[in-house]
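The values are calculated or read from the model by the stated rules, or taken from the named source; none is laboratory data. None of these values were measured; they are calculated from a predicted model. Cβ atoms come from the backbone with ideal geometry, glycine included; neighbour counts cover every protein chain shown. These accessible areas exclude ligands, DNA and RNA; they are computed on the full protein's heavy atoms, side chains included. Shrake-Rupley method; radii C 1.70, N 1.55, O 1.52, S 1.80 Å.
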Amino acid sequence: KNKTLINSDSEQCETEASSTKEIILYKNLLKEISDTLTTIVLNNKKNKNARNDNSPFFHEHAPKITIFDYLLRIQKYSNIENSTFIIALIYIDRICHKKGIILTKYNIHRILFTSILIAVKYNEDIIYDNLFYSKIAGITIKELLVLENSFLEIIDFDLFVPNDIYKKYSEYLDY
């Protein structure tokens, strides 16, 4: 059904169908990102060096939440733009290439969240304080600051994403 939502001035604002379409679009994007990262993590499972990650992103216990559910949680509480998720994926590639970090079930959630946090701060107009983001991530604010600073240092504070790179990732994600 395509009910029209009306504001107090009785003007047409949007339809339920259009807002449903937006929800489907971001869920599809998050699913694509999740599937990509999950495939990488599973492929890296065979790498014996991956378990001995000495980066600040490593955690002894892998979270029980899936990457997709974690992305949905982040989106639910922070309402991040789709472009920010794509930029975060680019940042993950940068950290892996610069430091040789291997994505595993022991570090993916922390790397993912940190890349999203940094992308939010770089790309969004409305951002919240780190305490808010630490609650979404399920980590302490102190831990969040360590992760954020480490991530930025590893990628040499290189946050700019050229249009051609952004477009390549968007096309890969079929977004």
Filtered residues of the stretch 135-145 (kept if out of contact with any helix residue (DSSP H, G or I) (no Cβ under 6 Å at 6 or more places or on another chain), touching a residue at least 12 places away in the same chain (Cβ under 8 Å) and surrounded by 15 or more Cβ atoms within 10 Å (Cβ to Cβ)): I139
Mind checking which pairs have a first residue in the stretch 158-174 that is surrounded by 10 or more Cβ atoms within 10 Å (Cβ to Cβ) and a second that is of a type in the set (D, E, K, R) and not in a loop (DSSP other than H, G, I, E, B), Cβ under 7 Å, 6 or more apart or different chains? D158/R94; L173/E32
What is the one condition in (1) out of contact with any Lys or Arg (no Cβ under 7 Å at 6 or more places or on another chain); (2) modelled with pLDDT under 95 that D164 does not satisfy? (2)
Taking the stated definitions as given, is Y26 assigned to a helix (DSSP H, G or I), under 19 Å from the mean Cα position of the chain (by Cα) and modelled with pLDDT under 95? yes
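Filter the stretch 90-134 down to residues that are of a type in the set (D, E, K, R) and either touching a Phe, Trp or Tyr at 6+ places or on another chain (Cβ under 6 Å) or farther than 14 Å from I155 by Cα (or both), then give me how many there are. Outline the logic, then answer.
At the first step, the residues of the stretch 90-134 found to be of a type in the set (D, E, K, R) are 93-94, 98-99, 105, 110, 121, 124-125, 129.
Checking which are either touching a Phe, Trp or Tyr at 6+ places or on another chain (Cβ under 6 Å) or farther than 14 Å from I155 by Cα (or both) leaves us with 105, 110, 121, 124-125, 129.
The qualifying residues number 6.
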Reported set for the stretch 122-134 where residues are open to solvent by 70 Å² or more (accessible area, probe 1.4 Å) and either assigned to a loop (DSSP other than H, G, I, E, B) or without any contact (Cβ under 8 Å) to a residue 12 or more places away in the chain (or both) is D125, I126, I127, Y128, D129, L131
Among (1) closer than 18 Å to T39 by Cβ; (2) buried (at least 19 other Cβ atoms within 10 Å of the Cβ), the one test that R110 misses: (1)
Any residue in the stretch 70-89 that is under 16 Å from D35 (Cα atoms) sitting within a Cβ distance under 6 Å of a residue that is among the small types (G, A, S)? List the pairs, counting only those 6 or more apart or interchain. L71/S34; I86/S170; A88/S115; A88/A119
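Keeping to the stretch 135-162, report how many residues are part of a loop (DSSP other than H, G, I, E, B) and either among the charged types (D, E, K, R) or out of contact with any Phe, Trp or Tyr (no Cβ under 6 Å at 6 or more places or on another chain) (or both).
Selection size over the stretch 135-162: 10.
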All but one of (1) outside any loop (DSSP other than H, G, I, E, B); (2) at pLDDT below 90; (3) within 17 Å of E148 (Cβ to Cβ) hold for I101; state the number of the condition that does not hold. (1)
Looking at (1) at pLDDT 70 or above; (2) in contact with a Lys or Arg (Cβ under 7 Å, 6 or more places away or on another chain), which is the only condition S83 fails? (2)
Every pair of residues 6+ apart whose Cβ atoms lie under 8 Å, when the first sits in the stretch 45-58 and is over 17 Å from I95 (Cα atoms) and surrounded by 10 or more Cβ atoms within 10 Å (Cβ to Cβ) while the second is of a type in the set (D, E, K, R) and at pLDDT 60 or above: K45/K105
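Look at R51 and say whether it is basic (K, R) and at pLDDT below 90. Before you say what the answer is, go through the steps one by one.
Working: basic (K, R): yes; at pLDDT below 90: yes.
Yes; evaluated as a whole, the condition is true for this residue.
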